[in-house]
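Notes to accompany the following structure.
The values are calculated or read from the model by the stated rules, or taken from the named source; none is laboratory data. Since this is a predicted model, take the numbers as computed values, not measurements. Please note: Cβ atoms are built from the backbone with ideal geometry, for glycine as well, and neighbour counts cover all protein chains shown. Heads up: the accessible areas ignore ligands, DNA and RNA and are worked out on the full protein's heavy atoms, side chains in. Shrake-Rupley method; radii C 1.70, N 1.55, O 1.52, S 1.80 Å.
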Amino acid sequence: MKKYYPFIITGLLSASSALGLFFVFGPKPTMIQQPATKTILTNYSPFVEYPPNMGSAGAPDMVKAANSSKQAVVYIEALESSGNFFATHTTGGSTGSGVIISQDGYIATNHHVIADGNQINVLMEDGREFEAKLIGSDPSTDLALLKVENKSLPFLTFGNSDSLMIGEWVLAIGNPFRLYSSVTAGIVSAKARNINILDDGGIENFIQTDAAVNPGNSGGALVNTLGQLIGINTAIMTFSGQYEGFSFAIPSNLAKKVLEDIRQYGSPKRGWLGVSISPVNNEIADEAGMTEITGVVLEKVNEGSAAEAAGLDEGDIILSIDGQKITSSPDFMGKVGQHHPGDILTFAYVRDRKNKETKVKLSDSRTSTSADIANSKSADAIMDEIGFGVRDLNEKEQSKLPKGGVVVNEIEKGSQVEHANMEVNFIITRVNGASVSSVLTLKRELQKAGSNLYLQGYYENFPGDFAYSITLN
């Protein structure tokens, strides 16, 4: 045993030396502590502690506005029925939404919601049902006014659509796909939009939002976070026929004026200026010595019009109306369209690189020169001017298309019809609200239409009803 001692001692000394060198030159020991796990909701920021029940920072509380507003939004069913004392036959119609705007039962909606019906039924959010009377409608603004018999209805008050700001929160309330009292939220994406769905007579001044709107929302309410009515939902821009991120509403200031006119007179009383306009571009602004691209150019001033009487002339650039800056053609049309015949407006404009000002007394649109010009044209000349051709339905189409109508079989490239986004095979059923069942009746209505054409109809293989507005030169 003694003979192994030297080896054992040598081994212990070697191990001790190795351990000593490791502690001196080896890595320092690190203490690793696992963090305590914490569960957070993914719609909260992980970097901020929110008090219980607190929503996203900066988001408004829209619950009160939604609950109060949806009680005043109704479901509308417009039926086209015929028959006698013994039997009634329903042949078609449409559905949509409406907004109660007075305690005694006046209801605002779109013209295209009720245009195909002679019996209008209204269903309220609380389940009550009424039969409504049509007080009047205006195809050029796509607005209609109904009345039900009740003296104690919930209603919405009008807000000021001119004060809306881009990015402001809004709610769209209506009945998409018969889903009653649906509320969606979004922001104001743009103002004074022209989407070529109505005419150019002063009404293409839409509020654009990204609140989801679908078929059935037409005529419903666009409200702000105070629960005020700031628009009537009217249209969407889409390739699929359903919502794709863009919805459009008639501004409340324009709607209020038109609806009040209908209530008092049965039809709108629109002040007439008597001009054709175009937007200002960079070249026009440079020639006029302007520092920014804004306003509209007067391309044509009708003889005997209010504009001519006020001294306005072709080439003048309108900068503001009553001190309100004009940003675009739709903005100009919207501001003029809010006024009555006889109203006096102050126009600021540029002529020969000089700033000028004049007062314009609006005339009555019913006596406008442009309407007389349109009436003097033949129907064939009107169709050539706007660039489309039509044909009657064939026997097969007549049997499977109960709505009837006239087929658009040709659209000229670059024409007004093409710019309005109409497509070949569109079937026209109405011209300015009057039914058409043949090429002959279509031509008759074209000659009676005046300067603004409002063409309604449908596509055989595409759901829903469509409308296109075109202005004659």
Selection from the range 394-428 of residues that are more than 20 Å from Leu446 (Cα to Cα) and hydrophobic (A, V, I, L, M, F, W, C): Leu401
Candidates Ile262, Ile277, Ile293, filtered to the one that is in contact with a strand residue (DSSP E or B) (Cβ under 6 Å, 6 or more places away or on another chain) and not in a helix (DSSP H, G or I): Ile277
More than 20 Å from Phe332 (Cα to Cα) and in a loop (DSSP other than H, G, I, E, B): does that describe Ser152? yes
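On the basis of being within 30 Å of Gly174 (Cα to Cα) and surrounded by fewer than 22 Cβ atoms within 10 Å (Cβ to Cβ), does Gly241 make the cut?
Values: within 30 Å of Gly174 (Cα to Cα): yes; surrounded by fewer than 22 Cβ atoms within 10 Å (Cβ to Cβ): yes.
In short, yes.
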Residues to consider are Ile236, Ile250, Ile277; find the one that is touching a residue at least 24 places away in the same chain (Cβ under 8 Å) and open to solvent by 30 Å² or more (accessible area, probe 1.4 Å). Ile277
Evaluate the range 220-230: report whether one residue or more is modelled with pLDDT of 95 or more, under 21 Å from Tyr468 (Cα atoms) and outside any strand (DSSP E or B). yes
Failed item, numbered, when Pro215 is tested on (1) within 17 Å of Thr109 (Cα to Cα); (2) of a type outside the set (A, V, I, L, M, F, W, C); (3) open to solvent by 10 Å² or more (accessible area, probe 1.4 Å); (4) not in a loop (DSSP other than H, G, I, E, B): (4)
What do you reckon, is Val188 assigned to a loop (DSSP other than H, G, I, E, B), at pLDDT 90 or above, within 13 Å of the chain's Cα centre (by Cα) and not small (Gly, Ala, Ser)? no
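Residue-wise test of (1) open to solvent by 40 Å² or more (accessible area, probe 1.4 Å); (2) within 16 Å of Glu77 (Cα to Cα); (3) among the aliphatic types (A, V, I, L, M); (4) modelled with pLDDT of 90 or more.
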site: Gln119; (1), (2), (3), (4): yes, yes, no, no
site: Val122; (1), (2), (3), (4): no, yes, yes, yes
site: Ala144; (1), (2), (3), (4): no, yes, yes, yes
site: Glu149; (1), (2), (3), (4): yes, no, no, yes
site: Ser152; (1), (2), (3), (4): yes, no, no, yes
site: Thr157; (1), (2), (3), (4): yes, no, no, yes
site: Asn160; (1), (2), (3), (4): yes, no, no, yes
site: Met165; (1), (2), (3), (4): yes, no, yes, yes
site: Leu171; (1), (2), (3), (4): no, no, yes, yes
Name the single residue that is nearest to Ile250 (Cα to Cα) among those in the range 318-347 being open to solvent by less than 20 Å² (accessible area, probe 1.4 Å) and among the aliphatic types (A, V, I, L, M). Met333
Can you pull out the residues in the range 282-294 that are open to solvent by 80 Å² or more (accessible area, probe 1.4 Å) and of a type in the set (A, V, I, L, M)? Ile293
Unmet criterion (only one of (1) over 21 Å from Met124 (Cβ atoms); (2) not in a loop (DSSP other than H, G, I, E, B)) for Gln242: (2)
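Considering the range 261-274 alone, what residues qualify as being more than 18 Å from Asp313 (Cβ to Cβ), modelled with pLDDT of 85 or more and surrounded by 17 or more Cβ atoms within 10 Å (Cβ to Cβ)? Write out each step before concluding.
Here is the first cut: in the range 261-274, the ones more than 18 Å from Asp313 (Cβ to Cβ) are 261-271.
Subsequent filtering for residues that are modelled with pLDDT of 85 or more retains 261-264.
Once the filter is applied, which keeps residues that are more than 18 Å from Asp313 (Cβ to Cβ), modelled with pLDDT of 85 or more and surrounded by 17 or more Cβ atoms within 10 Å (Cβ to Cβ), the range 261-274 yields Asp261, Ile262.
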Determine whether the range 197-210 contains at least one residue that is under 24 Å from Pro154 (Cα atoms) and open to solvent by 20 Å² or more (accessible area, probe 1.4 Å). no
If I go through the range 295-317 residue by residue, how many of them are crowded, with 22+ Cβ neighbours inside 10 Å and of a type in the set (D, E, K, R)? 1
Name, by its number, the condition in (1) more than 12 Å from Thr109 (Cα to Cα); (2) in a strand (DSSP E or B); (3) at pLDDT 90 or above that does not hold for Ile250. (1)
Test result for Gly315, assigned to a helix (DSSP H, G or I) and of a type outside the set (S, T, N, Q): no
Inside the range 430-464, can you point out the residues that are crowded, with 20+ Cβ neighbours inside 10 Å and either of a type in the set (A, V, I, L, M) or closer than 29 Å to Pro176 by Cβ (or both)? Arg430, Val431, Val436, Leu442, Leu446, Ala449, Leu453, Tyr454, Leu455, Gln456, Gly457
Do you know which residues across the range 247-285 are among the aliphatic types (A, V, I, L, M) and more than 17 Å from the chain's Cα centre (by Cα)? Leu259, Ile262, Leu273, Val275, Ile277, Val280, Ile284, Ala285
